[in-house]
1. So ASN172 clears everything in (1) under 22 Å from the mean Cα position of the chain (by Cα); (2) open to solvent by 30 Å² or more (accessible area, probe 1.4 Å); (3) more than 21 Å from ILE121 (Cα to Cα) except one condition, right? Which one?
2. Please pick out the residue among SER223, SER261 that is at pLDDT 95 or above, in the same structural domain as ILE201 (by TED's automatic domain parsing) and of a type outside the set (A, V, I, L, M).
3. Can you find even one residue in segment 109-127 that is within 16 Å of ligand 1 (Cβ to nearest atom), in a loop (DSSP other than H, G, I, E, B) and either of a type outside the set (Phe, Trp, Tyr) or at pLDDT below 85 (or both)?
4. Those residues that are assigned to a strand (DSSP E or B) and either without any contact (Cβ under 8 Å) to a residue 40 or more places away in the chain or over 19 Å from ASP167 (Cα atoms) (or both), I need them from segment 8-58; list them, please.
5. Among the residues of segment 38-58, how many are over 17 Å from LEU144 (Cα atoms) and away from ligand 1 (no atom under 16 Å from the Cβ)?
6. On the given criteria, is LYS215 on the phi > 0 side of the Ramachandran plot, modelled with pLDDT of 95 or more and within 23 Å of the chain's Cα centre (by Cα)?
Amino acid sequence: MISRVENESPQVPSYLNTLYPHVGTAYRIGITGPPGAGKSTIVDQVTRLYRQAGKRVGIIVVDPTSPFTGGALLGDRLRMAEHYLDNDVFIRSMATRGQTGGLAARSQEVGDVLDAAAFDILIFETVGVGQVELDVVEAVDTTLVVLVPESGDDIQLMKAGIFEIADVFVINKSDREGASQLGHILDQMLALRENDTEWGIPVCMTSATRGTGIKELLRVLESHHEHLQKSGMHTVKRRGRTRQRVERLVSQGVMTDFWTSERREALEAGLDASPPYELARVILEMS
Ligand SMILES: Nc1nc2c(ncn2[C@@H]2O[C@H](COP(=O)(O)OP(=O)(O)OP(=O)(O)O)[C@@H](O)[C@H]2O)c(=O)[nH]1
Ligand SMILES: [Mg+2]
């Protein structure tokens with residue numbers, strides 16, 4: 001089913017309609033950050049704890065086309081060997097094929113498939129690069145932004161973007177020098193920031209390879225999940241996602257219908273002769 005979603009197979013709409021009544025209970029977590037920050041190691045640790053609590057976990061690694069992940073995926077497989085043997089953990093990588101168009105929709109749909117398949121927790125891992133990251137963030141309930149002590153130098157550059165998307169910051173590799181300095185920088189920036197929600201963005205310190213800070217991280221995740229539910233933000237987010245999805249589908253449908261061969265021909269014929277506004281007006285007025 002996930003392959004069909006990825007290939008945009010024609011049966012997908014009817015399958016998703018059928019699944020729809022079973023969708024809506026999974027908690028969707030996005031984990032993003034620079035290459036090699038330790039995202040997969042954190043996912044591995046978090047998954048272990050969720051499994052101990054009896055939760056079923058779906059893991060989707062987005063953007064295997066990134067030059068960084070080719071070898072890392074093999075590493076992930078070794079690291080997550082125990083999870084690969086566990087029927088209650090589903091691990092899948094999702095190609096973006098160099099273009100990101102529709103990734104938000106596909107991430108959401110893959111999430112719906114796993115949600116309907118009774119996975120309690122869905123974790124989307126993606127390298128923090130531009131649109132891929134934003135698309136994935138759009139499809140989740142909670143976004144973790146993973147930084148490492150060395151990120152302090154880049155933070156000025158990143159701050160605009162990451163503060164928009166982060167619900168929780170994780171400073172991983174806190175076994176290395178500079179972790180607490182980065183923590184202070186983040187705390188200061190967070191304190192200065194205007195906050196229009198009741199959620200204060202927490203900063204978690206982890207050392208994923210040692211397994212430290214992961215229990216605390218899980219508690220933070222649970223409290224964000226609770227916050228979303230209590231504040232009604234959960235519903236607001238989900239409705240927002242659905243609204244956007246429907247608007248996009250309608251736009252696609254309208255565009256497909258609109259561009260008849262006559263209109264395409266009129267466009268080609270007018271390219272050298274008419275100014276753009278004039279040509280657009282003529283095409284819009286064609287019946
Ligand atoms: N010292 C230290 N190393 C870590 C820690 N967490 C992860 N690493 C190491 O950092 C490297 C990258 O870890 P990954 O978990 O593959 O990082 P990633 O963010 O998933 O990487 P990409 O998916 O390639 O972007 C591995 O060699 C890990 O063993 C940590 O807490 N401390
Ligand atoms: Mg990874």
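The values are calculated or read from the model by the stated rules, or taken from the named source; none is laboratory data. Just so we're clear, the structure is a prediction, and the values are computed from it rather than from any experiment. Glycine gets a Cβ as well: all are built from the backbone with ideal geometry, and neighbour counts include every protein chain shown. Keep in mind that these areas ignore ligands, DNA and RNA; they rest on the heavy atoms of the full protein, side chains included. Shrake-Rupley method; radii C 1.70, N 1.55, O 1.52, S 1.80 Å.
1. Every condition holds for ASN172 apart from (2).
2. Going through SER223, SER261 in turn, just one is at pLDDT 95 or above, in the same structural domain as ILE201 (by TED's automatic domain parsing) and of a type outside the set (A, V, I, L, M): SER223.
3. No: segment 109-127 contains no residue that is within 16 Å of ligand 1 (Cβ to nearest atom), in a loop (DSSP other than H, G, I, E, B) and either of a type outside the set (Phe, Trp, Tyr) or at pLDDT below 85 (or both).
4. Across segment 8-58, the qualifying residues are VAL57, GLY58.
5. Number satisfying all stated conditions: 6.
6. no
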